[in-house]
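Here is the structure we will look at.
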Amino acid sequence: LQSITIPTSVTSIGNCAFDHCSNLQSINVESNNLHFTSIDGILFTKNLETIVCFPAKHQFSQYDIPTSVTSIGNSSFSKCSNLQSITIPTSVTSIGKSAFSNCSKLQSISIPTSVTSIGNSAFSWCSNLQSIRIPTSVTSIGDSAFYECYNLQSITIPTSVTSIGDSAFSWCSKLQSITIPTSVTSIG
């Protein structure tokens with residue numbers, strides 16, 4: 001499956017609807033659809049506030065999320081095999097479950113200070129991710145958030161974080177040191 005056209009009649013799309021569509025290059029939406037739209041083959045809600053799906057084989061290797069987006073949906077960038085870097089705007093407040101899981105070429109990502117939570121498995125299996133800075137706005141790091149990030153060497157956890165979920169840094173074999181602030185009250 002390389003391309004999908006969503007007709008006017010579609011009113012809802014469930015979580016992980018395009019998961020494992022490893023050759024998907026573009027998603028297009030008929031212009032009269034009242035609930036969804038697409039830009040450059042990338043699926044959004046009609047109001048452009050949520051990015052629903054960035055196709056796994058999309059041609060972009062670098063992507064700047066539009067400033068209208070406030071939410072990165074569950075599994076929205078999951079298994080994007082070409083994506084190397086991504087810029088998240090300050091309009092974004094939440095990163096959904098498995099949002100960037102299995103982005104095997106993702107090397108750099110900047111999380112803005114507007115984000116308050118990092119969802120479960122958000123960056124799991126991002127095997128080329130080497131470092132990440134968590135902003136002071138984040139209060140919780142979800143379960144398996146950085147699970148099997150084999151090349152993760154450094155991470156900064158701010159004093160705003162109060163909880164670190166189950167298996168958050170499991171199998172991060174190159175992580176040499178980590179400083180857990182005194183604000184943390186639970187580690188999974």
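The values are calculated or read from the model by the stated rules, or taken from the named source; none is laboratory data. Computed from a prediction, not measured in an experiment: that's the story for all the values here. Neighbour counts run over all protein chains shown; Cβ positions are idealised from the backbone, glycine included. All accessible areas refer to the heavy atoms of the entire protein, side chains included, with ligands and DNA or RNA removed. Shrake-Rupley method; radii C 1.70, N 1.55, O 1.52, S 1.80 Å.
Show the residue pairs that are 6+ apart or on different chains and have beta-carbon atoms under 6 Å apart, the first residue being within region 160-171 and in contact (Cβ under 8 Å) with a residue 12 or more places away in the chain, the second being open to solvent by 40 Å² or more (accessible area, probe 1.4 Å) and of a type in the set (Val, Ile, Thr).
Between residues of region 160-171 that are in contact (Cβ under 8 Å) with a residue 12 or more places away in the chain and residues that are open to solvent by 40 Å² or more (accessible area, probe 1.4 Å) and of a type in the set (Val, Ile, Thr), the close pairs are Ser160/Thr136; Ser160/Thr139; Thr162/Thr139; Thr162/Thr185; Ile164/Ile187.
Can you give me the ranges of the strands (runs of 3 or more DSSP E) entirely in region 9-78 with at least 2 residues that are open to solvent by less than 30 Å² (accessible area, probe 1.4 Å)?
By residue number, 26-29, 42-45, 50-53.
Residues in region 111-151 that are over 15 Å from Gly165 (Cα atoms) and crowded, with 18+ Cβ neighbours inside 10 Å: how many?
Residues meeting the conditions: 7.
Pairs only if they're at least six apart or on different chains, beta carbon under 7 angstrom, first in region 71-89 and over 13 Å from Thr50 (Cβ atoms), second assigned to a strand (DSSP E or B) and of a type in the set (Asp, Glu); list them, first residue then second.
Short answer, once both residue conditions are applied: Thr87/Asp64.
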